[in-house]
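> For reference, the structure I am asking about is given below.
The values are calculated or read from the model by the stated rules, or taken from the named source; none is laboratory data. This one's a predicted model, so the numbers in the text were calculated from it and none came from an experiment. Positions of Cβ are backbone-derived with ideal geometry, glycine not excepted, and every protein chain shown enters the neighbour counts. Areas reflect the complete protein model, heavy atoms only, side chains present, ligands, DNA and RNA absent. Shrake-Rupley method; radii C 1.70, N 1.55, O 1.52, S 1.80 Å.
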Amino acid sequence: MAVVVSGVVAGSAAFKAKIEKGDELLKINGNEIMDVLDYRFYQNDCKVVLLIQKQNGKQKRIVIRKDEDDEIGLLFDTYLMDKQRSCKNNCIFCFIDQLPKGMRDTLYFKDDDSRMSFLFGNYITLTNITEHEIERIIKMHISPVNVSVHTTNPELRVKMMRNRFAGEALNVLWRLCEAGISVNCQLVLCPGWNDGEELVRSLEDLTKYENIKSVACVPVGLSGHRGGLCELEPFTEENANEVIDICEKYAAKTNELYNENRVFAADEFYLTAKRQMPDAEYYGDFVQLENGVGMWAMLKMEAEEALYDIEAPLESRKVTCITGQAASKLINHIVDNAKKKWHNLDCSVYSIKNNFFGGKITVAGLVTGSDIIEQLKGKDIGEELIVPSVMLRHERDMFLDSVTVEELEQALNVKVRICENDGWSLISALAGR
């Protein structure tokens, strides 16, 4: 397989070697180049031998000498140098299947690409991975790999993911572990399916491997748009407590085996169970934040530290802070502490109910612009509306429902301040700094 060069950085080694747009990169140091991982790995040597096919069809061997880790200087049409791979599963709990119609096309794309796991931390199911990719991960020692396991029961995994290869794909996980590759695991739990004794089985299997560095147990997210989908129930206080008990039992086991907690229940389980959230120390290096594990503890810890260091607003401030229903209690706690310390701060906190997704989704990251406008219209917001960046897409300009930040400002007649998702940024935003 060859990849077409779409451009060359001026002044780079490739530029000096007279590689041109439209040429094809075939090999680096004798290794076939199929995508970005091959390219980035093999270009790192001080001496790089490129096999280039020129536009006239002739092949040319080019030797480049450079400092280690310097870029060659080739550009490609896409970041991956290839198309992003879509998911081949039809999971009973897939949240993308629960999105309402009429949203941006990109939101309906189901990613299941091992390269995205390494580059951006995405989770993969291993049902879409090729033998070339497995061997490459082992050869390059790419770590960590993030895997959506859900269950280690092969038959149950087939039923939950509705893919006949899902059970045998678990063999890839064990193969990676045995090769010394670090793995982070995710279990999306559905009541009556993979909780209870099935959860015990999964954690028993996973915690045997030293290279499985963490396991996050996450409750299934159920929107109000599940017409025609598998019937699933949300977690109750009772079965959420059961999940936590099991997770904490295996966290203690990994603490004995590996001197650290490696099994975690998502924050949402503690909220549903009406149980006290663990302290920050429980979560170690917070490796499962993207799965909603330890976010509460980290935000609380950071806000307390920031409030100790950051100075009070220079002038009186009247602002409003918004969040999802799940984090409402914590954000109110943080704001109350700030108001007690800074007597010139007047801040209201509004918990936005997620009507867009049917009212059952409570996390801040899925709050939409239309719900914010509907629920804050006519309210005395003050001089600024503080919006957590987790509500916006990567460019920080648009909510899930395609309402822009500018449209939100116009609708509510207020300046919006985007706040990063950490305690220091929240306290800085409250102080107007």
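> Want the number for Asn337 to Glu256: 0.36 nm per residue separation, take away the alpha-carbon distance, what's left?
Going from the current span to full extension adds 25.4 nm.
> Give the separation of the Cα centroids, region 186-223 to region 22-58, in Å.
Cα centres, region 186-223 to region 22-58: 41 Å.
> Oh, and also: Be a star and scan region 400-433 for residues whose amide nitrogen sits under 19 Å from the point 7 Å along the Cα-to-Cβ vector of Leu107.
Correct set: 400-409, 411.
> Rounded, prolate or oblate for region 350-407? Axes are the square roots of the Cα gyration tensor eigenvalues, ordered a ≥ b ≥ c, and the cut-off for rounded is a/c under 1.5.
oblate
> Hey, what number do you get for the chain at 222 nm if only DSSP H runs of n ≥ 4 count, each worth -39500 (n - 2.57), divided across all residues, to the nearest 500?
Helices in the chain give a 222 nm mean residue ellipticity of -9500 deg cm²/dmol.
> Once the piece of chain linking Glu407 and Ile96 is laid out straight, how much longer is it, given 0.36 nm per residue of separation minus the C-alpha distance between them?
109.4 nm
> Related question: Indicate the gyration tensor shape class of region 161-291 (rounded, prolate or oblate), computed on the Cα atoms with a ≥ b ≥ c the square roots of the eigenvalues: a/c under 1.5 is rounded; otherwise a/b larger than b/c is prolate and the rest oblate.
Verdict is oblate for region 161-291.
> So what's the projected area for the chain, the Cα convex hull averaged over all directions, in nm²?
Answer in nm², one decimal: 24.4.
> Build a GNM of the chain with springs between Cα atoms under 10 Å: which of Val172, Val263, Val387 gets the top mean-square fluctuation?
Val172
> Indicate the gyration tensor shape class of region 111-226 (rounded, prolate or oblate), computed on the Cα atoms with a ≥ b ≥ c the square roots of the eigenvalues: a/c under 1.5 is rounded; otherwise a/b larger than b/c is prolate and the rest oblate.
It is prolate, given that a/c is not under 1.5 and a/b is the larger ratio.
> Leaving out ligands, DNA and RNA but keeping every protein chain, what accessible area does Trp296 have, in Å² rounded to the nearest 10, with a 1.4 Å probe?
40
> Only four residue types carry charge here, +1 at the Cβ of Lys and Arg and -1 at the Cβ of Asp and Glu. Report the dipole size of region 317-390 about the Cα centre in Debye, rounded to the nearest 20.
240
> Name the cysteines of the chain that stand alone by the Cβ rule: no other cysteine Cβ under 4.7 angstrom.
So, Cys46, Cys87, Cys177, Cys185, Cys190, Cys217, Cys230, Cys247, Cys321, Cys347, Cys419.
> Also, quick follow-up: Could you order peptides 241-247, 181-187, 145-151, 126-132 by the average number of other Cβ atoms within 10 Å of their residues, highest first?
Per-residue Cβ counts within 10 Å, averaged per peptide and sorted highest first, yield 145-151, 181-187, 241-247, 126-132.
> Same structure, new question: Charges at C-beta only: +1 for Lys and Arg, -1 for Asp and Glu. How large is the resulting dipole of region 383-433 about its Cα centre, in Debye rounded to 20?
180
> I want the local charge near Lys18. Using Cβ-Cβ distances under 12 Å, sum +1 for each Lys or Arg and -1 for each Asp or Glu among the other residues.
Summing Lys and Arg as +1 and Asp and Glu as -1 gives +2.
> When the chain is treated as a GNM, springs tying every alpha-carbon pair under 10 Å, which of Arg164, Arg317, Arg40 comes out with the largest mean-square fluctuation?
Sorting by GNM fluctuation, first place goes to Arg40.
> Right, something else. Would you mind putting 25-32, 365-372, 298-305 in packing order, based on average other-beta-carbon counts within 10 Å, highest first?
365-372, 298-305, 25-32
> Considering only Lys60, Lys213, Lys377, give the residue with the highest GNM mean-square fluctuation for the chain, with springs between Cα atoms whenever their separation is below 10 Å.
Lys60
> Just to confirm, what accessible area per residue do you get for region 218-333 at 1.4 Å probe, in whole Å²?
51
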